[in-house]
Amino acid sequence: MADEQQDTSQDLGKFQIFRAKDAPGLMEAKCMTVEPFSPVQRAGMDKVMAAGYLEGDEIKVLCQLPGFSLTHVWFKEGYALPLHSHDADCLYYIIAGSLRMGTEELGPRDSFFIPSGVPYTYKPGPEGVELLEIRQASTFNFVNLAKGEGFWEKALEATVQHREDWKTAKRPSLNA
């Protein structure tokens with residue numbers, strides 16, 4: 001089914017079912033391009049990746065059609081999401097857990113909208129956060145805006161601190 005999710009243009013206008021168990025990962029789905037990193041960003045990302053950064057997230061593209069995508073994201077507690085932007089508007093819907101965005105604490109059934117090109121980040125709460133990303137685009141970019149070494153040092157520290165817990169973490173929706 002994952003291959004079918006890649007090219008469904010011939011099926012537009014037809015009833016379709018997309019199963020979560022068949023959903024490809026974000027990079028496997030090839031719906032997100034990553035803009036080139038600066039040398040500082042690349043060095044920081046290399047360090048956090050080597051420390052187990054990818055164990056702190058699970059991202060699946062549930063549906064990818066021309067002009068539309070639906071992604072399920074689970075960021076675990078302590079996951080350091082860099083300040084970034086995308087070239088597509090996105091509506092976020094929190095399924096379970098919580099997040100902090102600036103001074104705002106958001107939880108289940110809360111939503112937020114990020115217009116194209118607007119920088120943002122958030123921090124998963126104590127249980128992590130599960131959310132849906134809804135876009136009127138089947139492809140989008142990721143522009144990393146974490147410019148200095150400070151973010152990467154904190155991200156490395158958080159990754160090292162939480163990595164073992166990430167290995168056995170349960171999605172917050174399973175606790176609800």
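Listed values, structure above:
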item: Segments 98-110, 77-89 sorted - mean Cβ within 10 Å per residue, highest first; result: 77-89, 98-110
item: Amide H within-cut-off set for residue 145, under 5 Å, with H built and near neighbours excluded; result: 83, 84, 85
item: The stretch 71-113 versus the stretch 18-38: alpha-carbon centroid distance in Å; result: 17 Å
item: Translational D in µm²/s for the chain (Stokes-Einstein at 20 °C, 1.002 mPa s, Kirkwood Rh from C-alpha pairs); result: 127 µm²/s
item: Anisotropy class of the stretch 89-176 from Cα gyration tensor, a/c 1.5 cut; result: oblate
item: Cβ-based net charge around residue 126, under 15 Å, with every Lys or Arg adding one and every Asp or Glu removing one; result: 0
item: Rounded if a/c under 1.5, otherwise prolate or oblate - the stretch 114-153, Cα gyration tensor axes; result: oblate
item: Total charge dipole magnitude, the chain, about the Cα centre, Cβ charges on Lys, Arg, Asp, Glu only, Debye to nearest 20; result: 120 debye
item: Environment charge of residue 89, counting only residues whose C-beta is closer than 13 Å and scoring Lys/Arg +1, Asp/Glu -1; result: -1
item: The chain: angle of helix 149-168 to the longest principal axis, Cα-based, in degrees nearest 10; result: 70 degrees
item: Lysines whose Cα lies under 24 Å from that of residue 21, excluding same-chain neighbours fewer than 8 positions away; result: 30, 60, 76, 167, 170
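Throughout, read-outs are computed from the coordinates displayed, never taken from laboratory work. Treat the numbers as computed from the prediction; the structure is a model and nothing was measured. Using ideal geometry, Cβ is built from the backbone for each residue, glycine included, and neighbour counts are taken over all protein chains shown.
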